[in-house]
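Nothing in this text is a laboratory measurement; each read-out follows from the coordinates by a stated rule. Note that the structure is a prediction, hence the values are computed from the model and not measured. Positions of Cβ are backbone-derived with ideal geometry, glycine not excepted, and every protein chain shown enters the neighbour counts.
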Amino acid sequence: MHQLLQQLTGGDRRSIGNVEDVIRDVKATPALFGVLLDGLAANDPLVRMRSADAIEKISAHQPELLQPFKKLIIRLAGQTRQQEVRWHVAQIIPRLALTIREKSRVADILFDYLDDGSKIVITFSLQALSDLAIEDKRLRPRVVQVFKEFTASGSPAIKSRGRKLLDKISRL
């Protein structure tokens, strides 16, 4: 395992471990960003979770770092069952420059995430679907329908988020 990923081992899921140190290292040496992507497929669930966290935080300020890894991110997004990775991937996906076909694929993945048991995964997936629908009007009818369902039957937090996102999309 790469030294960068070794910094993400240990502890438990309630801690972010040395994610901030890893972020600092990757910002100093952007070529290490690909190592974090390798961490999404690591055997250790803590490394996967913390790699996803670091990728999300770095890409919030440097989304261009994601683009060379777009196909890998989409593939891993469709394969992962780990909730912590899913919620970070849902945040990451709208930062990618996607083709029409890729948008359709990631929308399908995000719609699948709406069946996840984690309310955080659902909330970030709703946000990502909203972001994609704002960019691509072909996705809007399906997204609007799902948002209506969630505002009728979701948890209070999900209902509230769904109403806000639905209102935003409806004004387009």
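Key figures
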| item | result |
| --- | --- |
| Boolean, residue 159 is free of Cβ contacts under 8 Å to residues at least 40 places away in the same chain and closer than 24 Å to residue 85 by Cα | yes |
| Residue in the range 76-94 that is more than 28 Å from residue 154 (Cα to Cα) and crowded, with 16+ Cβ neighbours inside 10 Å present | no |
| Selection status of residue 139, among the hydrophobic types (A, V, I, L, M, F, W, C) and under 19 Å from residue 59 (Cα atoms) | no |
| Subset of the range 1-10 that is of a type in the set (A, V, I, L, M) and within 15 Å of residue 57 (Cβ to Cβ) - its residue that is surrounded by the fewest Cβ atoms within 10 Å (Cβ to Cβ) | 4 |
| The range 27-47: number of residues that are out of contact with any His (no Cβ under 9 Å at 6 or more places or on another chain) and either of a type in the set (D, E, K, R) or surrounded by fewer than 17 Cβ atoms within 10 Å (Cβ to Cβ) (or both) | 9 |
| Unique residue being over 26 Å from residue 135 (Cβ atoms), surrounded by fewer than 16 Cβ atoms within 10 Å (Cβ to Cβ) and touching a residue at least 40 places away in the same chain (Cβ under 8 Å) when the list is 13, 50, 24 | 13 |
